[in-house]
Structure formats: structure tokens, C-alpha cells
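Undergrad: One structure, pasted below without further comment.
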Amino acid sequence: MQRWLGVTLSLIGVVAILWLGLTGRLELYIHPRYVVFTVVMAVIGGLASIAAFLVLPTRSEHGHDHGHDHDHDELAEGPPRTGWRAAIAIAGSALLVLATVVALLVLPPATLSSATAENRDIAGSTALSSVDTTELVGGDSTTFTVKDWATLLHQGLGDDFFAGKPAAFSGFLVPTDDPDIVYVARFLVTCCAVDAQPLAVPVLYPGWRDDFAADDWVEVTGGFVPNPDAAATEPIVLMPETFDEIERPAQPYVY
């Protein structure tokens, strides 16, 4: 029973990885550069599990003709499961397999949320501390993404740099302690979703909760201005010209 359970769970995991890879959704969990490696290793792991199950003998088969060893194994394992004990073991294994199937193959893949962003210090992301902004400073601001703007804002460039530079980008909404400010954010993934770091641009939008909710995806255009609240932690904010809800993109992360 235990060998069947182990192989079954392994194969469910392999099928889930292959399905996510074929549908392009494995990138919701890992960086794209690791997709091929992960799929190949999943296939190898699945084949190894099947081979181990077929090749390795069971405990009862091993040493069956040796009375002393057989008795010793029975004492180590305890009395065989019969009746209700066996039924409980089978039911537990079946429930475990069913739960694994639902979690990996039935439920849709979920992206990281605003709650995760808040828990990972969205205002002071360490992912931006060592970024070289030389190319960005002299680049075309009309092509900048959330990652680019968040990087420049994190570097503490003054009002003069941001003045007159139009911005257009998309991301999901993350609430802040200031009711007039909302973050438009994305996650930066360097390896997998576990190490993802939130990158965000503060947007001045009084009453944003009347029109939107946390985790809504939006497309924003506008320009940067000094924060009207001089005591705020965000000295520069985006003053939006347009602020439109959109569908979550197929690739919600940045790399």
C-alpha cells in the first residue's frame, strides 16, 4: 500500500508539472529560465519512481524463505492490518491522493496577492537596493515598466528628474496606510514565487476604494509630482491621468 501511495503521489506531481509547463503556467511558480530543467527533472523523477516500484522487492518477498528473518520482520512491523484498521488506512491514502489531485490538477494556479506584497515590505524592497540605474536615467521613460519606475523612485532621485516624464504601466493594487495613496505593484521573481519581491509605484488617488479593490489589475498613465503630504514616506507619487481596470495578464510577474 505504501509503495503504491508513494508512486501515485509522485506521478500526480509529475503530471501537474507537465500540465503547467505545457499550458505556460509553470512560470507562475518559477522563473522562465528554470522551466525546461524542471520539466525534464519531473519526467526523470516519475520514471525513477515507477522503476523503483517495479524493481525493488517488497518486504514480504525479501527473505520469505528465511524463517528467522521473516519472524523478525513481523515483530518489527507489528500485527498485520485487518478489518477496520485496513479500511482506515486505505481511506486515508485515498483521501490523500484525492486532496493532492484537487490541489495540483483541479484548482487553478494562483498568483501572489497584495497580502503577500504587504508582508514582504513593499515600500523598502531589498531587490532594488543594488540595481544600476545608469541606463534608466538616460533611457526612454515612455517604455518604463513598474519595475523601472519603482527602481528609480527607490534610488531617491529628486523632483527634477521625474518632472515632465510621462508614465504608463500596469499592475495590481496594494493598499497603503494613507487612504489617498495606493500602490500599483508587480512581483519580481529571480528564482521562484517563494523569493518574489514586490515592486511598486505610489499613486495619488483619493477615494480609490470607491472604484476599485485590493488585487484589482489596472493600467495607469500620468506624471510624477511631489507628495502633497510632506510627512509621507513616499516623497514622490504618480498623479494619474487615466486609471483603468484590466484583466490580469498571462504573465503577471517581472524578471
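The values are calculated or read from the model by the stated rules, or taken from the named source; none is laboratory data. Bear in mind the structure is a predicted one, so any value in this text is a computation, not a measurement. Side chains are part of the model used for accessible areas, which takes the heavy atoms of the whole protein and leaves out ligands, DNA and RNA. Shrake-Rupley method; radii C 1.70, N 1.55, O 1.52, S 1.80 Å.
Undergrad: Determine how large the accessible area of THR116 is when every protein chain is in place; take a 1.4 Å probe and give Å² rounded to the nearest 10.
TA: Spelled out: THR116, probe radius 1.4 Å, area about 30 Å².
Undergrad: At 1.4 Å probe size, with every protein chain present, just tell me what the per residue accessible area of the range 113-234 comes to in Å². Intermediate values should be presented prior to the final figure.
TA: Numbers: 5580 Å² over 122 residues.
Normalised by residue count, the accessible surface of the range 113-234 is 46 Å².
Undergrad: Any idea of GLU219's accessible area? Nearest 10 Å², probe 1.4 Å.
TA: Using a 1.4 Å probe on the heavy atoms, I get roughly 70 Å².
Undergrad: Roughly how many Å² of VAL15 are accessible to a 1.4 Å probe, to the nearest 10?
TA: We get 80 Å² for VAL15.
Undergrad: Additional query: 5 Å is the cut-off here: which amide hydrogens, built 1.01 Å from N in the peptide plane, fall below it relative to VAL203, excluding neighbours closer than 5 in sequence?
TA: VAL182, TYR183, VAL184, LEU238
Undergrad: What does the accessible area per residue of the range 2-52 come to in Å², with a 1.4 Å probe and no ligands, DNA or RNA counted?
TA: On the way: 2900 Å² over 51 residues.
Ligands and nucleic acids excluded, the result is 57 Å² per residue.
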